[in-house]
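Notes follow the structure.
The values are calculated or read from the model by the stated rules, or taken from the named source; none is laboratory data. Computed from a prediction, not measured in an experiment: that's the story for all the values here. FYI the Cβ positions are ideal-geometry reconstructions off the backbone, even for glycines, and counts take in every protein chain you see. Quick note on the areas: whole protein, heavy atoms, side chains included, nothing else; ligands and nucleic acids left out. Shrake-Rupley method; radii C 1.70, N 1.55, O 1.52, S 1.80 Å.
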Amino acid sequence: MKQIFIVGNWKSNKTALEATEWLEMVKNQGLSLREDQKVVLCVPFTLLQLVSSFVKENNLQIAVGAQDISQFDEGSFTGATNGKQIAEFATYVIIGHSERRMHFGEIDEVLAMKFDMARKYALTPIYLVQDKDTVIPEGISIVGYEPVFAIGTGIPDTPENANAVAKEIKTRHAGVSVLYGGSVTSVNVSKFTQLSDIDGVIPGKASLNPQEFLQLIKNA
Ligand code: PGA
């Protein structure tokens with residue numbers, strides 16, 4: 001039985017109040033996962049503590065993730081959030097989102113340093129690539145394929161192409177799980193998760209609304 005990951009990415013959204021409302025709603029509606037499902041919620045740094053405390057106290061089956069990690073260890077790096085700090089609250093971290101590459105100038109060398117930091121602090125990296133040829137550091141166990149044209153546009157890649165890219169990545173990196181991200185919704189999610197080489201999805205927009213996110217999990 002393959003494991004299906006559902007990795008919500010809140011991006012730069014939600015205040016503490018809004019996050020609490022989301023969590024309360026999910027708690028009240030009830031989150032019941034199938035045995036093969038794993039839900040990870042990647043939230044802004046400012047919400048890591050709040051979300052991790054809430055899921056622990058309420059036994060919600062949600063693993064917490066960060067959306068980025070400093071390429072440096074603790075020390076004189078003003079404004080950076082390091083792996084040691086993240087690991088207090090989270091077990092996963094997204095590395096290499098195209099928005100980080102595009103708006104924050106993150107290049108492969110920096111992303112490789114981030115991967116090393118994640119590993120140092122026992123965080124599981126979800127390494128995002130934009131196509132089958134994007135460089136992937138050795139030792140990654142979860143890769144997310146997110147074509148730029150599909151992110152936030154409402155126009156996902158075709159499930160067939162996403163599956164072909166996932167398959168290609170797996171032939172180059174034995175043993176990795178490959179997730180698909182880019183305009184995944186509760187309506188189209190099963191078209192991706194039912195395919196042989198896709199091990200889960202990364203919904204951005206669809207993770208912001210708790211009802212939509214719960215429906216997406218149900219349909220995945
Ligand atoms: P989207 O974002 O679901 O809003 O397209 C996905 C992502 O960028 O991770």
**Study point:** Members of segment 135-165 that are assigned to a loop (DSSP other than H, G, I, E, B), open to solvent by 50 Å² or more (accessible area, probe 1.4 Å) and more than 10 Å from the ligand (Cβ to nearest atom)
**Key:** VAL135, GLU138, GLY139, SER141, THR158
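Find the residue count for segment 188-202, including only residues that are in a helix (DSSP H, G or I), within 11 Å of the ligand (Cβ to nearest atom) and open to solvent by 20 Å² or more (accessible area, probe 1.4 Å). Steps first, answer last, please.
The initial filter retains those residues of segment 188-202 that are in a helix (DSSP H, G or I), namely 189-193.
Subset that is within 11 Å of the ligand (Cβ to nearest atom): 189.
When the remaining residues are screened for being open to solvent by 20 Å² or more (accessible area, probe 1.4 Å), the result is none.
Looking only at that region, the number is 0.
Which residue out of LYS56, LYS2 is at pLDDT below 95 and farther than 21 Å from ALA112 by Cα? It would help to see each step written out before you state the result.
Values: LYS56 fails: at pLDDT below 95.
None of the others qualify; the one that does is LYS2.
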Exercise for review: Note down all Cβ pairs under 6 Å where the first residue falls in segment 92-104 and is among the polar types (S, T, N, Q) and at pLDDT 95 or above, the second is open to solvent by 50 Å² or more (accessible area, probe 1.4 Å) and part of a helix (DSSP H, G or I), and they're at least six residues apart or on different chains.
Suggested key: SER98/VAL148
Practice item. Kindly check whether there is at least one residue in segment 103-121 that is over 27 Å from LEU23 (Cβ atoms), among the small types (Gly, Ala, Ser) and not in a loop (DSSP other than H, G, I, E, B). Key: yes
**Study point:** Single match in THR185, THR158, THR193 (criterion: without any contact (Cβ under 8 Å) to a residue 12 or more places away in the chain and either more than 24 Å from GLN71 (Cα to Cα) or not aromatic (Phe, Trp, Tyr) (or both))
**Key:** THR158
Check your understanding: Pairs under 6 Å by beta carbon, first residue touching a residue at least 40 places away in the same chain (Cβ under 8 Å) and within 16 Å of the ligand (Cβ to nearest atom) in segment 166-182, partner among the aromatic types (Phe, Trp, Tyr) and open to solvent by 10 Å² or more (accessible area, probe 1.4 Å), six or more apart or different chains?
Key -> LEU179/PHE5
Review point. What pairs come up if the first residue lies in segment 110-129 and is crowded, with 20+ Cβ neighbours inside 10 Å and at pLDDT below 95, the second is of a type in the set (Asp, Glu) and not in a strand (DSSP E or B), and their beta carbons are under 8 Å apart, counting only those six or more places apart or on different chains?
Key: none
Check your understanding: For ALA174, are the conditions met, namely being open to solvent by 50 Å² or more (accessible area, probe 1.4 Å) and closer than 27 Å to PHE89 by Cβ?
Key -> no
Check your understanding: Out of GLY152, GLY65, GLY79, which single residue is at positive phi and under 16 Å from the mean Cα position of the chain (by Cα)?
Key -> GLY152
Check your understanding: Which one is least open to solvent (accessible area, probe 1.4 Å) among residues in segment 1-60 that are of a type in the set (Phe, Trp, Tyr) and over 25 Å from ILE198 (Cα atoms)?
Key -> TRP22
Exercise for review: Being open to solvent by 20 Å² or more (accessible area, probe 1.4 Å) and not in a loop (DSSP other than H, G, I, E, B) is the filter here, so list the residues in segment 177-187 that pass it.
Suggested key: SER177
